[in-house]
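The values are calculated or read from the model by the stated rules, or taken from the named source; none is laboratory data. Quick caveat: nothing in here was measured; it's all calculated off a predicted structure. Cβ coordinates were reconstructed from backbone atoms using ideal geometry, including for glycine residues, and neighbour counts include every protein chain displayed.
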Amino acid sequence: MHVWWARPKDARPELRALLDPVERARYESTVDPAGKERFLVGCALSRLVLGERLGLPPADVPLRRVCPRCGGPHGKVRLGAAVPPDGPVRTPPAYDFSVTHSGALVGVALCRGGEVGLDVEDSHGVLDVDSAARVALSGPELAALYARPAAERQRAFLRTWTRKEAVLKALGVGLAAPLRELEVSDPDRPPTVLTWPARLTPHPSMRMADLTVDGTHPAAVAVAVAAVADKGAVVEAAEAGSADGDGPWARQPGAVRVTVHDGSSTLAAYDR
């Protein structure tokens with residue numbers, strides 16, 4: 001597992017050339033300047049990383065945004081099938097990937113041999129922990145949160161939240177799933193799913209890793225491996241400025257290992 005982060009400030013006009021028509025329309029329609037920067041950085045970084053691995057110009061990487069509920073051009077972005085230059089046969093997608101952003105952070109995760117979800121939360125933002133916890137946490141998770149000193153609750157909640165959102169992103173269902181029915185392990189324990197929502201099929205091969213960006217901001221990556229017996233499955237992600245998966249469990253058998261790369265440098269190196 002390799003994990004890249006970049007920053008909204010990495011956005012520059014040259015990167016707009018990488019956007020496809022759907023992405024360009026969304027970029028132009030975004031009113032919030034910070035939102036435009038985050039979207040541009042996420043798209044550009046995804047295309048640069050995927051293009052390098054697929055041997056394609058980044059602007060030619062076939063990306064699809066199709067909502068599973070309404071069919072609209074939004075939801076989890078996926079790699080489409082590529083058409084080889086010497087024939088009409090469509091090559092199945094080689095990778096799955098996930099994009100996340102929060103505050104001054106933008107991340108991209110790549111996976112081969114499974115489906116990946118990545119989430120990060122800016123720990124410097126203002127958060128009403130009580131209100132958010134009542135919506136997102138199960139009964140046992142809520143009780144465990146309030147057993148902690150008040151000063152520790154935001155950190156613990158954000159760790160739990162990033163784990164849950166990473167899992168739901170990996171499955172491509174997003175926040176449409178009932179968060180309170182998805183129970184994960186205590187923030188101080190190795191990340192794993194304890195209880196699945198009734199409407200979701202349990203995924204026995206879901207693997208997770210906790211991450212920390214800049215020593216402060218919690219993040220998590222989850223990988224739904226296509227087959228437990230698929231020993232050739234390779235999970236890749238990238239993250240600038242953070243260490244390998246957090247905690248001593250990061251090196252246990254079956255744990256997701258994370259290698260650090262600098263997404264800001266990847267963007268800066270692009271020269272149209």
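Report yes if some residue within segment 115-127 is among the aliphatic types (A, V, I, L, M), out of contact with any strand residue (DSSP E or B) (no Cβ under 9 Å at 6 or more places or on another chain) and at pLDDT below 95; otherwise report no.
Pass one, segment 115-127, residues among the aliphatic types (A, V, I, L, M): 116, 118, 120, 126-127.
Going one step further and asking which of them are out of contact with any strand residue (DSSP E or B) (no Cβ under 9 Å at 6 or more places or on another chain), we end up with 126-127.
Retained after the next criterion (residues that are at pLDDT below 95): 126-127.
Yes: one or more hits.
In segment 187-235, which residues are at pLDDT below 60 and surrounded by fewer than 23 Cβ atoms within 10 Å (Cβ to Cβ)? Working first, answer last.
Here is the first cut: in segment 187-235, the residues at pLDDT below 60 are 227-235.
Hits for segment 187-235 are A227, V228, A229, D230, K231, G232, A233, V234.
D96: acidic (D, E) and at pLDDT below 85, yes or no?
Numbers: acidic (D, E): yes; at pLDDT below 85: no.
No: the conditions fail for D96.
Could you tell me which residue of segment 117-145 is farthest from V3 (Cα to Cα), considering only residues that are loosely packed, with under 11 Cβ neighbours inside 10 Å and in contact with a helix residue (DSSP H, G or I) (Cβ under 9 Å, 6 or more places away or on another chain)?
Here the answer is G139.
Quick check on this structure: which one of G42, G75, G71, G35 is under 19 Å from L118 (Cβ atoms) and at pLDDT below 90?
So the residue among G42, G75, G71, G35 that is under 19 Å from L118 (Cβ atoms) and at pLDDT below 90 is G75.
Condition first: loosely packed, with under 14 Cβ neighbours inside 10 Å and part of a loop (DSSP other than H, G, I, E, B). Now tell me which residues in segment 35-57 satisfy that.
Across segment 35-57, the qualifying residues are G55, P57.
For segment 13-34, how many residues meet the condition of being touching a residue at least 12 places away in the same chain (Cβ under 8 Å) and either acidic (D, E) or not in a helix (DSSP H, G or I) (or both)?
Our first condition is that a residue be touching a residue at least 12 places away in the same chain (Cβ under 8 Å); within segment 13-34, this holds for 14-20, 22-23, 26-27, 34.
The next check asks that each one be either acidic (D, E) or not in a helix (DSSP H, G or I) (or both); those that pass are 14, 19-20, 23.
Residues flagged as touching a residue at least 12 places away in the same chain (Cβ under 8 Å) and either acidic (D, E) or not in a helix (DSSP H, G or I) (or both) within segment 13-34 amount to 4.
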